[in-house]
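The values are calculated or read from the model by the stated rules, or taken from the named source; none is laboratory data. All values reported here derive from a predicted model rather than from experimental measurement. Reconstructed Cβ throughout: ideal geometry from the backbone, glycine too, with neighbour counts over all protein chains shown. The protein model used for the area step is the full one, side chains on, heavy atoms only, and it has no ligands, DNA or RNA in it. Shrake-Rupley method; radii C 1.70, N 1.55, O 1.52, S 1.80 Å.
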Amino acid sequence: DGVPVPELRGLYAWLAAMATGDLRTELIKHDPLGVVLYGDVRNFTRTDKLTLLEALSAEARRYTFFRSQDWSSQPFGALATVDMEADFRALLSSPDRSPAHLALVDCVLDALTHGQSMPGLKPELESVIRDASYWPGSRKEALRGLFLLEERADNWQSSLALLQDVSVGKVE
């Protein structure tokens, strides 16, 4: 079926981490989730990470719950490097609420929770939290990301404002 057998996913992901160029691209396209979960994508180029996000998006279009076999979130942190901030912003700001896009947003939120701090994405995280058209789990993960940013900055203003808006019914 074009994907590695489960017993070889670790080897496959290692090969993707060690490969370069067209070979890495092909490996990513055939098993993007395995490459993230069992490999190490932190040192991938921005282009490779974008290829990986597109391949994850394609997986989500085929089957929205493509992560249902393994909901591990920590490995996604390797995607969250400073060079990806603008791309994450675009994904989090997109008006698309299709199930496939929301599944990809889940991957990005997991990356932000476990990856490098990106304080510039605070407005986008707040937007996800306040928008009831996102999945509840996504909103929860965005809230976790916001708390981490505010804890690092020792500035809880956004969280307090959000709490007030929840208490008065302005935010579900």
Among what's in the range 17-47 and is open to solvent by 20 Å² or more (accessible area, probe 1.4 Å) and closer than 17 Å to Phe66 by Cβ, pick the residue that is nearest to the chain's Cα centre (by Cα). Leu37
For the range 130-155, give me each residue that is among the aromatic types (Phe, Trp, Tyr), open to solvent by 20 Å² or more (accessible area, probe 1.4 Å) and either out of contact with any Asp or Glu (no Cβ under 8 Å at 6 or more places or on another chain) or modelled with pLDDT under 95 (or both). Phe147
Can you name every residue in the range 62-98 that is open to solvent by 70 Å² or more (accessible area, probe 1.4 Å) and under 22 Å from His30 (Cα atoms)? Arg62, Tyr63, Phe65, Gln69, Trp71, Gln74
Taking only pairs six or more apart or across chains, which ones have beta-carbon atoms under 8 Å, a first residue in the range 4-19 that is within 14 Å of Asp48 (Cα to Cα), and a second residue that is polar (S, T, N, Q) and surrounded by fewer than 14 Cβ atoms within 10 Å (Cβ to Cβ)? Ala17/Asn43
Going through the range 31-90 one residue at a time, which ones are more than 17 Å from Pro4 (Cα to Cα) and among the aromatic types (Phe, Trp, Tyr)? Phe44, Tyr63, Phe65, Trp71, Phe76, Phe88
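Here is a list: Ser127, Ser158, Ser68. Which entry is among the small types (Gly, Ala, Ser), modelled with pLDDT of 95 or more and over 10 Å from the mean Cα position of the chain (by Cα)? Break it down into steps so the answer makes sense when it comes.
Details: Ser158 fails: modelled with pLDDT of 95 or more; Ser68 fails: modelled with pLDDT of 95 or more.
Every option except Ser127 fails the conditions.
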From the list Leu121, Leu52, Leu125, exactly one residue is within 28 Å of Met18 (Cα to Cα), without any contact (Cβ under 8 Å) to a residue 40 or more places away in the chain and surrounded by 15 or more Cβ atoms within 10 Å (Cβ to Cβ). Which is it? Leu52
